[in-house]
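Novice: The structure that follows is given in the form of structure tokens.
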């Protein structure tokens, strides 16, 4: 019988699958995996249903439904003062994670190095390794989870092919500043290093802060693949629809991989989004909507044994638990799921070496009653 020489020999099942399965087994409230437990926008759902009934059920072009790409280009011009070509610089993908993988696959060759900030969303490092390259991991400064740019500078070598940055950040909720982007721009100025940006939480920014997209910085954009998600914008993560924005030459290489993988994405949702995206109100008010949920959870957690860290964006807030336990984060996460019925994610799972600062990640993209009940249960272990 033939055997596979695994490209990911050290990789098991993702932490999201593990903890969601455990939550299901024990009937736990799932504050682990990042998905809402409330309904998506009814108007958008109706548009998708209408597209199916109206017969929009066949292939669209490989790059995506052109009116949707045109709506995205208009949004980019409005929000980020950047002119991108709907025809040649935007590609619709089955999710933001797919866009990131395709960007890595278009770029990487065996022996290349990619600089990754940790804790890192769990797909990055397997993507890099599967493409024969090496991740070079830089720890974010705990507990603010800021980038140590001098460590990034020191990590750059002749083998560095790319850097990936994520803002708003999953799992920690930190957000890059304008000064961060200028530092990154200066760092890359005289290099041939590519940049991949994970911007799936672009509209989930809180407390008056601003999302600084790579699309705002022409000097950075010319070397970038910028990856986005509709699922996070419209609370429909199961649609698995996103897009990649990149300069024409980079998009051409991206599409060479894409055309022989997914080829194109689910048509009815593209038809629906092409129209829905022309109305900015839903995504412009998303930050305030989700900030309110964050604040409800933070308030409800007062009196618990957890010390919640700052979250300036995303679906997530992290918390340390030194006043509760000295157990490793994974062990405590499993215990909480089984004993009090609340599933979380150990932040140690987002480090290649398993670094453990005794931090758990909570998803607050839930109904208020879900958050209150979860907090009440978590207070029982104070």
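Novice: Which whole-number percentage describes the relative contact order of the chain, with Cα contacts under 8 Å and a sequence gap of 6 or more?
Specialist: Averaging sequence separation for qualifying contacts and normalising by length gives 25 percent for the chain.
Novice: Among 3, 160, rank each residue by its count of other Cβ atoms within 10 Å, from fewest to most, as a rough exposure measure. Could the numbers behind the result be given before it?
Specialist: Values: 3 5, 160 20.
Neighbour counts put them in this order, fewest first: 3, 160.
Novice: Tell me the mean residue ellipticity at 222 nm calculated for the chain from its helices only (DSSP H runs of n ≥ 4, each -39500 (n - 2.57), averaged over every residue, nearest 500).
Specialist: -11000 deg cm²/dmol
Novice: Next up: Of the DSSP beta bridges with both residues in the range 58-279, give the percent that are antiparallel, rounding to the nearest 5.
Specialist: So the antiparallel bridges in the range 58-279 amount to around 30 percent.
Novice: For the chain, modelled as a GNM with alpha-carbon contacts under 10 angstrom, which of 174, 304, 312 fluctuates the most?
Specialist: So, out of 174, 304, 312, the one fluctuating most is 304.
Novice: What list do you get for 199, 25 if you sort them by fewest beta carbons within 10 Å?
Specialist: By the 10 Å Cβ count, ascending, the order reads 25, 199.
Novice: May I pose another question? From Cα pairs below 8 angstrom and at least 6 apart in sequence, can you work out the relative contact order of the range 189-289, rounded to a whole percent?
Specialist: Answer for the range 189-289 is 27 percent.
Novice: Further, regarding this structure: With a ≥ b ≥ c the root eigenvalues of the C-alpha gyration tensor of the range 260-326, is it rounded (a/c under 1.5), prolate (a/b larger than b/c) or oblate?
Specialist: Cα axes put the range 260-326 in the oblate bin.
Novice: Quick check on the range 89-168: take the gyration tensor over C-alpha atoms, sort the square-rooted eigenvalues as a ≥ b ≥ c, and tell me if it's rounded (a/c under 1.5), prolate or oblate. Intermediate results must be reported in sequence, preceding the final value.
Specialist: Values: a/c = 2.02, a/b = 1.27, b/c = 1.59.
Since a/c reaches 1.5 but b/c is at least a/b, the shape of the range 89-168 is classed as oblate.
Novice: Using per-residue counts of other Cβ atoms within 10 Å, averaged over each peptide, order 136-144, 29-37 from highest down.
Specialist: Working: 136-144: 15.7, 29-37: 21.6.
In descending order of packing, they fall as 29-37, 136-144.
Novice: If you take the square roots of the eigenvalues of the alpha-carbon gyration tensor of the range 58-279 and sort them as a ≥ b ≥ c, do you get rounded (a/c under 1.5), prolate (a/b over b/c) or oblate?
Specialist: prolate
Novice: By counting other Cβ atoms within 10 Å of each Cβ, how are 269, 13, 251 ranked from fewest to most?
Specialist: Ranked by crowding around the Cβ, least crowded first: 13, 251, 269.
Novice: Continuing with this model, one more query. For the chain, give me the percentage of DSSP beta bridges that are antiparallel, rounded to the nearest 5 percent.
Specialist: Bridges in the chain that DSSP calls antiparallel: roughly 50 percent.
Every number here is computed from the coordinates shown, using simple stated rules; none is lab data. Remember, it's a predicted structure, so these values are computed and weren't measured experimentally. Neighbour counts run over all protein chains shown; Cβ positions are idealised from the backbone, glycine included.
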